[in-house]
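Notes to accompany the following structure.
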Amino acid sequence: MSKLRFVDHARELTAGADIILSDIWGVVHDGLKGFPEACAALLEFRQRGGTVILITNAPRPADSVQRQLRKMNIADETYDAIVSSGDLTRNYVAAHLQNSVFQIGPARDNPMFRGFDVKFAPLESAGYILCTGPFDDEVETAEDYREMMTEARKRNLTFICANPDIVVERGDRLIYCAGAIAELYRELGGEVIFYGKPHAPIYDRALEIAQEKRGKPTPKSRILAIGDSVRTDLTGANAMGIGCLFVTRGIHSADFDGVHEIDDFTVRRLFGDTKPPLALIRDLKP
């Protein structure tokens, strides 16, 4: 097994790339504030001729994500485009307008349905479920939805998960996402369709946009993923056959506390059967 290492600066890996597919939450912000050094690293890469596509499991359209980034003082010049799981989920909604939907999620995710004549219905009569997250992610966990999911399973409803993340950080706390409820439904035997990382469609769309902007295809050896989640970012990058720079300050930060040397035992403890990333970085910076 090749030795996994910490790097101090993103350019140690990005110098060999033409395209970066970067996670957002946990890499360029923590849900409350942006990370200036991470933004500077991405901007520097673009200024050298690279293309940055932000890929996110946010269950909202890309323009809504962009407005959130602007509120955190993350400049549009930091990236070339945003691809969100919300955009991909909207494609499903558009193709199933004839079916009624039971929505699980907070009001802030309502842009998911913007522009569509959607028929909303209670669980007992809906044609499918669409989940963008818990109704109240400040206090709820997946267990709060067990009774609801048990009833949905009795009706064999398809569960559309607009955010495969289990948790994300908000400031110094971890909050539960739609993926946690989706996994509960799968445990109960229900059918779940996931949109977002680590599944291929979000990567395919990101690379399609990158190719359009660059005017030519890019070999996978010149594409770098950046993220902070083993389950979504690293697994998704591995499935696509691209390298990953793993940010340890994110949702797995507790696992990396006190870790300075990465031997084979530590790699197995941290990543299990998942192929390790190319390198680790504590915070993304130029």
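The values are calculated or read from the model by the stated rules, or taken from the named source; none is laboratory data. Values in this document were obtained by computation on a predicted structure and should not be read as measured data. Here the Cβ is made from the backbone with ideal geometry for all residues, glycine too, and neighbour counts use every protein chain on show.
A few remarks follow.
- Taking the criterion of being outside any helix (DSSP H, G or I) and under 15 Å from Val28 (Cβ atoms), the residues of the stretch 47-71 that qualify are Val52, Ile53, Leu54, Ile55, Thr56, Asn57, Ala58.
- Some residue of the stretch 50-70 being more than 27 Å from Leu88 (Cα to Cα) and not aromatic (Phe, Trp, Tyr): no
- For the stretch 72-96, the set of residues classified as closer than 15 Å to Leu43 by Cα and either assigned to a loop (DSSP other than H, G, I, E, B) or modelled with pLDDT under 95 (or both) consists of Asn73, Ile74, Ala75, Tyr79, Asp80, listed by residue number.
- Asn99 meets the conditions (1) part of a loop (DSSP other than H, G, I, E, B); (2) surrounded by 15 or more Cβ atoms within 10 Å (Cβ to Cβ); (3) modelled with pLDDT of 95 or more in every case but one. The failed one is (2).
- Here Pro106 meets each of (1) out of contact with any Pro (no Cβ under 6 Å at 6 or more places or on another chain); (2) without any contact (Cβ under 8 Å) to a residue 60 or more places away in the chain; (3) under 19 Å from Leu188 (Cβ atoms) with one exception, condition (3).
- Residue identified as in contact with a Phe, Trp or Tyr (Cβ under 6 Å, 6 or more places away or on another chain), surrounded by fewer than 22 Cβ atoms within 10 Å (Cβ to Cβ) and of a type in the set (Val, Ile, Thr) among Thr141, Thr150: Thr141
- Odd one out for Gly31 among (1) surrounded by fewer than 17 Cβ atoms within 10 Å (Cβ to Cβ); (2) closer than 25 Å to Tyr176 by Cβ; (3) modelled with pLDDT of 95 or more: (3)
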